[in-house]
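> Below are the structure tokens for one structure; questions will follow.
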Number of protein chains: 4
Amino acid sequence: MTIRVAVIGATGVVGQQFLVALAHHPWFKVERLAASSRSAGKRYAEALRDPQSGASRWLVEAPLPEGYADITVEDAATFDPRGLGLVFTGIEEGEAARQLEPRLAQAVPVVSTASAFRMEPDVPLVVPYLNADHLALVGKQREHHGWKGFIVPIPNCTTTGLVISLAPIVRTFGVQTALMVSLQALSGAGRSPGVSALDILDNVVPYIPREEEKVARETAKILGKLRGGVIEPLPLPLSAICTRVNVRDGHTEAVFVSAAEAVTPEAARQAMTGFQGDCADLGLPSAPEQPIAVRDDPYRPQPRLDRDTGRGMTTVVGRIEAHDALPNGLKWVLVSHNTRMGAAQGAVLTAELLAHQGYLQ
Amino acid sequence: MTIRVAVIGATGVVGQQFLVALAHHPWFKVERLAASSRSAGKRYAEALRDPQSGASRWLVEAPLPEGYADITVEDAATFDPRGLGLVFTGIEEGEAARQLEPRLAQAVPVVSTASAFRMEPDVPLVVPYLNADHLALVGKQREHHGWKGFIVPIPNCTTTGLVISLAPIVRTFGVQTALMVSLQALSGAGRSPGVSALDILDNVVPYIPREEEKVARETAKILGKLRGGVIEPLPLPLSAICTRVNVRDGHTEAVFVSAAEAVTPEAARQAMTGFQGDCADLGLPSAPEQPIAVRDDPYRPQPRLDRDTGRGMTTVVGRIEAHDALPNGLKWVLVSHNTRMGAAQGAVLTAELLAHQGYLQ
Amino acid sequence: MTIRVAVIGATGVVGQQFLVALAHHPWFKVERLAASSRSAGKRYAEALRDPQSGASRWLVEAPLPEGYADITVEDAATFDPRGLGLVFTGIEEGEAARQLEPRLAQAVPVVSTASAFRMEPDVPLVVPYLNADHLALVGKQREHHGWKGFIVPIPNCTTTGLVISLAPIVRTFGVQTALMVSLQALSGAGRSPGVSALDILDNVVPYIPREEEKVARETAKILGKLRGGVIEPLPLPLSAICTRVNVRDGHTEAVFVSAAEAVTPEAARQAMTGFQGDCADLGLPSAPEQPIAVRDDPYRPQPRLDRDTGRGMTTVVGRIEAHDALPNGLKWVLVSHNTRMGAAQGAVLTAELLAHQGYLQ
Amino acid sequence: MTIRVAVIGATGVVGQQFLVALAHHPWFKVERLAASSRSAGKRYAEALRDPQSGASRWLVEAPLPEGYADITVEDAATFDPRGLGLVFTGIEEGEAARQLEPRLAQAVPVVSTASAFRMEPDVPLVVPYLNADHLALVGKQREHHGWKGFIVPIPNCTTTGLVISLAPIVRTFGVQTALMVSLQALSGAGRSPGVSALDILDNVVPYIPREEEKVARETAKILGKLRGGVIEPLPLPLSAICTRVNVRDGHTEAVFVSAAEAVTPEAARQAMTGFQGDCADLGLPSAPEQPIAVRDDPYRPQPRLDRDTGRGMTTVVGRIEAHDALPNGLKWVLVSHNTRMGAAQGAVLTAELLAHQGYLQ
């Protein structure tokens, strides 16, 4: 099986992460790249070059994989996806995604990191470990719009780790309420211009616009049930305070919940470590050995030491403890890699699941 | 009025902060310094010098104030406080404080940053803005032990900002439960060796030993009522997750509460900004204009920009918002200067209050 | 004496630094502000507000001084300076300064932080401690152009500390050649967008465009002699490697020179500490006690500890040592505050010198 | 071929790096571990555990490789090396190495990261790419002391990158003098206590004790000629200023030289990229493809992006330019991984070279 794919937004940081995640991929082969009209018509390596300074705008840690440098970048606005099996979109501006993705979905499946369509009723919002069954919504979506393709977005990178660590607790014990404080990494803010060094050195920024609402809404949808072609969100009151700290990659999140029944830290720990998730044993190339790893050292998880666990696809949890500020109170800390599981590589895993389930024919 | 004082632990970072806070103080005059036997007998400037590298171990940002360099450091273990009006102790090791402070209190009042005696029933734990009346406990304390002096500790630096921002909400609306996540500064970890740069660069450390328990216990005691010579702690379930971030000074804390009655963010804001506290209008030299300042910019408070408000004695609050994860849910973010209000300068303010109330005769 | 002044580029970071440097100034009174057409017509406080996020773009550490918030910002492109005694320009883009400053200089004196005119033959490039006599060039300038005013730029912030520390060595012993490596602070890169946090965390950037050439050229001009209305640059071969490090303020520079005659570190130290400079005893409000302070602790100067010496107007030097890699080899390390002496406050000191010498009538 | 080895100082950070460098090594098999008497008798995993906090003191980024956890740690002071083919010592204190290494060398070859014996006349100081022939000195060494083994230290981590980039220029064009400023990473300072976070946040420390002298002496010895059983150091005047910056791994060094003959940047570039070195084509497992990689992007090398080139064994050079501050002046910037090529992995490469040349029989 080889599925021919394109990456739209290829010169941006998320697009670059797609290229790294898709290099040497056993199922997907990147054949075309698209970006804004400024880059269109240039070789990819040229499109990356800053016209003034001559410096490369390749922004991810890994070097540019082989095979991309000579692809001619196309104009996303007029990109014709016919002939491809799938398109990945990594567009940072919401408005652009809102225009572009439906046009592409007329012809081909679209897997997207953008937030534009996450909360549409006929759009599944999928974390492959948690709610693979929601993908069935794409049938509805095709029907509504008369599309050959569909749009499947992945969640916000701050939602991802939270919802993965919550799922086994919700399913095993029930959760009445949840509170979360995030200490988010710089790379979650993108790159143009992203966070200024002067703003974050020796500092914390206690606000990320619209992030807290997204986390609450998306978590309820992901943990919801698909019934009769409609997703019923989980009725889970959830409040977050999202902050930015001076860390490159890896969101740290401190979580308090009130469980529906009594739960010891050891039982919570077992629910998490025993959690296999919906894509265990499916042979998906990007799936990690386990969705959640629990550390017993009280000084863990730490973003620098734990973000790369399971090649960045495993959520690492520690400090699971009881507390009495809420009924059946439980608290923990997690680290989730915001640009791997939380962005391009999470989208690639979602596409693998779509392929496995037969949605990419 | 001039009160002759000594600083014990003078070569450590808290002791150094005492010297800065007491330089040019209108009421207190530092006449003697003490430290470990290693420093005893040396001029203070000499005692600060690293014997191997020759570098100065003066560790605070402000330069060494005039007048201290030539004082001969005494041995804390045999220090005789008679003749002084007050002793400040800034000893970082708990065990040493547990030995030393009662011995000193036999003769003179002791104001301490150490945790050793904070939870003793006859020891007041005072934030001057909040519970000045608790100081009356020192009468009990003298009586129990037959001391001429007494011990008054200040709270943990992480408790301080939290309890100051909670007080007006507790008193105006009542609080049923509270949850807090701290993003603590490096200087709170002391200096010998403190936090290693390798451990915190590009990182967060999600655990600070014993900090979370201290915050819960101390908050309940400070907000408690003194009745019949006994402090009844406030029955406030409180759970914290305490983390360390790469910030020099200024603890940031994200707080969620469930109030006892409905409260709008605007009402909470007014309760905080209108809060005068117990040392308003007393003319205490270290008291700020207001105990709490509220910022309306959603990107504030930030530790680097807000920690020095009111010369580090004002707690800065922002992002006051309602939430529905708890009944009458309210959340906010605060910044409190951990080495000013949270340590030496907070202890000096406490001593000023003791002087004003006539406890230092 | 009160001289009415305007600040052009008032909403940018250099303009903001001007406002802080000029608040409560005994001689200069800011009466008017100008910026791009985007800000024109708004109150200054409004012009600072980000239209999307509502956050303030006040970017300097000190809070906005009183008295500016309600001034209506004018459009720099059409700003009419008549009636003012002096205009400060803090424009970050070279091209804009090249258009604007000559137009303003037709009517009034202009003191500028921009690089546009620094190397013009009839433009003095002044460090007030070093070459006050070069200001006489403004007569030539007026004559050439038929202006009532003139343009006096200050040097690049990386030149400033280097040339101040070199001057006493050049004048006392002579210098045959000089090599310098800078470790420059983030604030030198401006703010829009400035340095991205992702680029500098756990990193060094070994290149700053055009900086190395500027340092060499400007140093030679500043240390040159004004003879017959022409500045003869000092014939000093100088090569620099300029790097960016993760420091907020304060450029650190490591310097090697080959002196023209034998010089001991102690003699070099005395030449630096004894250096009074051209504005000693003139009563200029922004002048520090001494242009250069020498630290004997081998671990100094450090940018965080030393940048604020003399309110940021003193260059701090340490590690003065001999070496044998060059004839009469000497090396040292310096720290210079790039946004105080190296930018707005240095420009204000230059204006004070102009006022003192009678150039602002 | 399997050579049985031990690692001495196994619980320290250099020892841990040895364990990572030797995991799955095709030639060397770690059979024994030794450390201070505090750790002796414990399982290695236990010896790493902090007795107070329970946290692991495993300090390197990579996780503890399999196979070490259950080895019982021996006491270095009484360690009997007989039966081993080689001992690696990674002892951070100079005095301890001075006692221990000669005792071990009586029986077996010792490859060491310590500085204790680097400048002894009968001790080769080897960078495997540069002066493999110096290893012949070990015959002298054995003879002098009557040892069965010998001591081969590797250079200081700051010397390593400098001398590798200098070698092709010295050999092709000659070098009359060299000046270098280092911006050194935190991990070079070790870990107990290493650099305090408070000292380096928003800061640069301009001094590293004894580093500058080591760099000069070691460079001259490594580039020297072995003639008649004696190393004649290269007569190369060299002065360095060594600073510490807030970077985890990877020393950045800015270099100025005066070549013996005219040399264009392009010729220097070719000499560096064409440099094969003494261990090309020998099949040494730790040898990189090329000792030196040159980057053309003027913003490179950067420690975070370039330190891992060639698995940390390649020195990355950029910004090769001419300058006129010295005759035939040339300058460049390099990044060298201080804990890979500059420490344990560089020692392993040296041992591979010893094995290849037949010194480990």
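> If you project the alpha carbons of the protein assembly as shown onto the principal axes, what extent comes out on each, in Å, largest first?
82, 81, 74
> Residue by residue through A:293-303, how many Cβ atoms from other chains fall within 10 Å of the Cβ on average?
5
> Loop only by DSSP, 13 or fewer other Cβ within 10 Å of the Cβ. Give me the GluC sites (Glu not before Pro) in region C:289-361 that pass, ordered by residue number.
Sites meeting the loop and neighbour criteria: C:GLU289.
> Would you list, by chain and number, the lysines whose Cα falls below 27 Å from the Cα of B:LYS29, excluding same-chain residues fewer than 8 positions away?
Candidates past the 8-residue exclusion: B:LYS42, B:LYS148.
> Take the alpha carbon gyration tensor of region C:28-126, find the square roots of its eigenvalues, order them as a ≥ b ≥ c, and report rounded if a/c is under 1.5; if not, report prolate when a/b exceeds b/c, else oblate. Don't skip to the answer; put the middle values down first.
Numbers: a/c = 1.89, a/b = 1.70, b/c = 1.11.
Because a/c hits 1.5 or more and a/b exceeds b/c, region C:28-126 counts as prolate.
> While we're looking at this one, here's another question. Pairwise over distinct Cα atoms, reciprocal of the mean inverse distance: report the Kirkwood radius of region D:1-48 in Å, one decimal place.
11.1 Å
> Quick one: which residues, 5+ away or cross-chain, put their amide H under 5 Å from the amide H of D:TYR207? H built at 1.01 Å from N.
D:ARG244
> Rounded to the nearest Å, what's the spacing between the alpha carbon centres of region C:302-361 and region A:288-342? Just the number, please.
First find each Cα centre; the distance between them is then 49 Å.
> What's the center-to-center distance, using Cα atoms, between region B:1-78 and region C:213-245 in Å?
When both Cα centres are located, 46 Å separates them.
> Please give me, ordered by residue number, the chymotrypsin sites (Phe, Trp or Tyr not before Pro) of region D:1-101 that lie in loop per DSSP and have at most 15 other Cβ atoms within 10 Å.
Counting only loop positions with at most 15 other Cβ atoms within 10 Å, none of the chymotrypsin sites (Phe, Trp or Tyr not before Pro) in region D:1-101 qualifies.
> With chain A treated as a Gaussian network of Cα nodes joined by springs under 10 Å, which of A:VAL111, A:VAL195, A:VAL215 yields the largest mean-square fluctuation?
The residue that fluctuates most here is A:VAL195.
> Would you mind finding the longest exposed-site-free stretch of chain C, with exposed trypsin sites (Lys or Arg not before Pro) meaning DSSP loop and at most 11 other Cβ atoms within 10 Å?
Details: sites that count: C:ARG82, C:ARG210.
Of all site-free stretches, the longest is C:211-361.
> By the scheme Lys and Arg +1, Asp and Glu -1, what is the net charge of all other residues having a beta-carbon under 15 Å from that of C:VAL108? Spell out each step's value before the answer.
Details: positive: C:ARG4, C:LYS29, C:ARG32, C:ARG82, C:ARG103, C:ARG142, C:LYS148; negative: C:GLU31, C:GLU74, C:ASP80, C:GLU101.
Within the 15 Å Cβ shell, the charges total +3.
> So for the pair C:ARG38, C:ARG4, with labels modelled 7 Å out along Cα→Cβ, what separation do we get in nm?
Modelled inter-label distance: 3.0 nm.
> First select every other residue whose beta carbon is under 12 angstrom from the beta carbon of C:VAL255; then total the charges, Lys and Arg +1, Asp and Glu -1.
0
> I want to check the label-to-label distance for D:ALA45 and A:ARG49. Put each point 7 Å from Cα in the C-beta direction and report it in nm to one decimal.
5.3 nm
> Shifting gears a bit: Apply the Karplus parameterisation 6.51 cos²θ - 1.76 cosθ + 1.60, with θ equal to phi minus 60°, to every residue of region A:69-83 and state each ³J(HN,Hα) to the nearest whole Hz, in sequence, with x for glycine and proline.
With coefficients 6.51, -1.76 and 1.60, one gets 3, 9, 5, 7, 6, 9, 7, 4, 5, 10, 4, 9, x, 4, x Hz.
> With N set to the number of residues, divide the alpha-carbon radius of gyration of region B:128-251 by 2.2 N^0.38 Å and report two decimals.
Cα Rg divided by the expected 2.2 N^0.38 Å: 1.24.
> Here is a follow-up. For region D:135-206 and region B:130-189, what is the centre-to-centre distance using only Cα atoms, to the nearest Å?
Here the two parts' Cα centres lie 53 Å apart.
> Here's another thing I want to ask about it. So what are the ³J(HN,Hα) numbers for region D:307-317, from phi and the Karplus equation (6.51, -1.76, 1.60; θ = phi - 60°), rounded to whole Hz, Gly and Pro as x?
Per-residue couplings from phi come out as 4, 8, 4, x, 6, x, 9, 9, 7, 9, 10 Hz.
> Let me ask something else. What's the Kirkwood radius of chain A in Å, using all Cα pairs?
One decimal place: 20.7 Å for the Kirkwood radius.
> Nearest-5 percent of antiparallel DSSP beta bridges in chain A?
50 percent
> For region B:65-169, take the alpha-carbon Rg, divide it by the Kirkwood Rh, and send me Rg/Rh.
Here the Rg-to-Rh quotient is 1.00.
> Which whole-Hz couplings ³J(HN,Hα) result when phi for each residue of region B:3-13 is put into the Karplus expression 6.51 cos²θ - 1.76 cosθ + 1.60, θ = phi - 60°, listed in order with x for Gly and Pro?
Using θ = phi - 60°, the values come out as 10, 7, 10, 10, 10, 9, x, 5, 8, x, 5 Hz.
> I need to check one value: relative contact order of chain C, counting alpha carbon pairs closer than 8 Å and at least 6 residues apart, in percent.
For chain C, the relative contact order is 17 percent.
> Follow-up question, since we're still on this one. When chain C is modelled as a GNM with alpha-carbon springs shorter than 10 Å, which of C:HIS337, C:HIS144, C:HIS251 fluctuates the most?
C:HIS144
> For B:ALA240, list long-range residues whose amide hydrogen, built 1.01 Å from N in the peptide plane, is under 5 Å from its own amide hydrogen.
B:MET180
> Oh, and also: I need the calculated FRET efficiency for the pair D:GLU66 and B:GLU289, taking r as the beta carbon distance and R₀ as 45 Å, to the nearest 0.05. If you can, show how the numbers build up before the last one.
Details: r = 61 Å, r/R0 = 1.36.
About 0.15, to the nearest 0.05.
> Using Cα-Cα distances under 8 Å and only pairs 6 or more residues apart, what relative contact order does region C:20-151 have, in percent?
20 percent
> Here's something else I'd like to know. On average, how many beta carbons from a partner chain sit within 10 Å of the beta carbon of a residue in A:310-321? If you can, show how the numbers build up before the last one.
Values: counts 0, 0, 0, 0, 0, 0, 0, 0, 2, 5, 0, 3.
Averaged over the peptide's residues, the number is 1.
> Now, a different point. Using amide H atoms built 1.01 Å from N in the peptide plane, name the residues 5+ places from D:VAL294, or on other chains, whose amide H lies under 5 Å from its own.
Amide H to amide H, under 5 Å and 5 or more residues apart or across chains, D:VAL294 pairs with D:VAL317.
> What is region C:157-336 by shape, rounded, prolate or oblate, if you read a ≥ b ≥ c off the alpha carbon gyration tensor as root eigenvalues and call it rounded for a/c under 1.5, prolate for a/b larger than b/c, and oblate otherwise?
Cα axes put region C:157-336 in the rounded bin.
Where a number appears in this text, it was derived from the coordinates with a stated rule and is not lab data. Predicted model, so just to flag it, every value in this text is computed and none were measured. No Cβ is skipped: glycine too gets one built from the backbone with ideal geometry, and neighbour counts run over all protein chains shown.
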